[in-house]
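One structure below.
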Amino acid sequence: MPGYELYDDIERKELMDVIQSGVFMRYGFDGARGGHWKAKELEAAICERFGTPYAQLTSSGTTALHTTFAALGIGAGDEIIVPTFTFVASFESILMAGAIPVLTDINETLCLDPKAVENNITPRTKAVMPVHMCGSMADLNALKAICKKHNLLLIEDACQAIGATYQGKCVGTIGDAGCFSFDYVKTMTCAEGGVVMTPHADIYKRADQYQDHGHDHIGNDRGAELHPYMGMNYRISELHAALGLGQIKKLDHFLALQRRNKKILADALKAIPQVTFRSIPDPEGDSASFLSFFLPDAATARAATQAIKAAGVDGAFYYFDNNWHYIRNWHHLKQRKAMMPLSPGILSQMPDYSKADFSASDHVISRNISLAIKIGWTEDELKQRAEKLYAAVSSVL
Ligand SMILES: *Cc1c(COP(=O)(O)O)cnc(C)c1O
């Protein structure tokens, strides 16, 4: 998945524009910046490439999520349905907004199970937030229908699926709002950065204000601008945006390499009858940043992960034992360990995750292995990887 592997003069040129002008902030300093507006340019490039009318850059994917909740007016007392399999940022940002993450089972798409979503809707539910994990997408038509039926917002955490599409539209642009992360290991990187995309002008305007202390961004005198609402500082810098501007020019190349590389590895595993693959609602739209497959049970999946590592093939994730992406080891969340007191509303309303039953998710994740697809591999390396992968997985069956 990582765009950082193919860093070259295209990014260096964009970065040098900023380094030479010495204007590192995205707002103001009009004279000194020599015509360079990297954040604005990257937002325009994002709108164009992903087909969204509005894009607001932020300092990270996490702050993009928090900005989204604020822009949608989601806060204290509200519940957001999120999957048990995601990066911790999804629930961290919900708690930071003062809302409740309602963790919900996934299915073999590795994303939210629509039936489980419907079971978890309460009068306080405001939004459903599918997370398009490991490069591919949730069953968006089913989730859209649920949101419509229950009058809920649909927010896409598309941080891991940059460039994936669903029925011809880019994921992240299908719901009321969607986010990408451009952190260092994502499909394209700003080193650190994120974006909120939305089809709604009013939501965009609120996101624009929230990420810059509530500034209304009217006129040319920052100090004289008004603040219709309180906000935060979640701004991206010009330097980070410049890196992203270089990367987005190469995104289609990155995606083509991911798809080629994934296919070669998947073809090798298809020869093993006990291996099955993640279900992908729109296979054509897979961004191919991961190859996710299932073994018959937890024991074989764990053993296969060990064998893959022992064979010298890196990037195999056994998420059931992983600390960051699956409910099983989120002990800090289960024990409500925050550095500061959590609000009484959160404490009384949040389900007790130390006692919750996620056996349906366990059944999926305990059999899953996800292999990160890199883009810098040569064809020779790929061939060897495919052979080693086949041998390692076969050896445990
Ligand atoms: C990376 C990631 C985030 C957070 O992005 P950062 O830019 O690292 O803050 C959120 N959700 C998911 C699913 C991610 O993979």
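The values are calculated or read from the model by the stated rules, or taken from the named source; none is laboratory data. Here the structure is a predicted model, which means the values were calculated and not measured. The area values use the complete protein model at the heavy-atom level, side chains included, leaving out ligands, DNA and RNA. Shrake-Rupley method; radii C 1.70, N 1.55, O 1.52, S 1.80 Å.
For the residue pairs 250/309; 38/144; 169/270, the C-alpha atoms sit more than 32 angstrom apart in 38/144. Along region 331-338 the Karplus relation, 6.51 cos²θ - 1.76 cosθ + 1.60 evaluated at θ = phi - 60°, assigns HN-Hα couplings of 5, 5, 5, 4, 8, 6, 7, 10 Hz to successive residues, with x for each Gly and Pro. Would you mind checking the pairs 40/148; 126/334; 126/337 and listing those with alpha carbons more than 28 angstrom apart? Long pairs (Cα-Cα over 28 Å): 40/148. Under a Gaussian network description of the chain, with springs only between Cα atoms under 10 Å, the residue in 114, 283, 341 that fluctuates furthest is 341. Distance from the Cα centroid of region 1-52 to that of region 178-208 is 15 Å (rounded to whole angstrom). Amide hydrogen proximity for residue 371: with H placed 1.01 Å from N in the peptide plane, the residues at 5 or more positions away or on another chain lying under 5 Å are 291, 292, 293, 317. Whole-Hz Karplus values for region 66-73 come out as 4, 4, 4, 4, 4, 4, 8, x Hz, taken residue by residue from phi with 6.51 cos²θ - 1.76 cosθ + 1.60 and θ = phi - 60°; glycine and proline positions read x.
Give me the percent of accessible area attributable to carbon and sulfur for the chain, probe 1.4 angstrom. Carbon-and-sulfur percentage of accessible area, whole number: 56. When the chain is treated as a Gaussian network with alpha carbon springs shorter than 10 Å, the biggest mean-square fluctuation among 170, 111, 134 belongs to 170. In the full protein context, the chain carries 41 Å² of accessible surface per residue, based on a 1.4 Å probe and ignoring ligands, DNA and RNA. Of all beta bridges that DSSP places with both ends in region 3-250, some 50 percent have antiparallel geometry. Residues whose amide H lies under 5 Å from that of residue 112, counting only those 5 or more places away or on a different chain, are 131; hydrogens are built 1.01 Å from N in the peptide plane. If you average the sequence gap of Cα pairs under 8 Å that are 6 or more apart and divide by the length of region 270-397, what percent do you get for the contact order? Over region 270-397, the number comes to 41 percent. Close amide H contacts of residue 153 (hydrogens built in the peptide plane, cut-off under 5 Å, sequence separation of 5 or more or a different chain): 127, 128. Residue by residue, region 239-250 carries 3J(HN,Hα) couplings of 5, 5, 5, 4, 4, x, 5, x, 5, 5, 5, 10 Hz when phi is fed to the Karplus relation 6.51 cos²θ - 1.76 cosθ + 1.60 (θ = phi - 60°); x denotes Gly or Pro.
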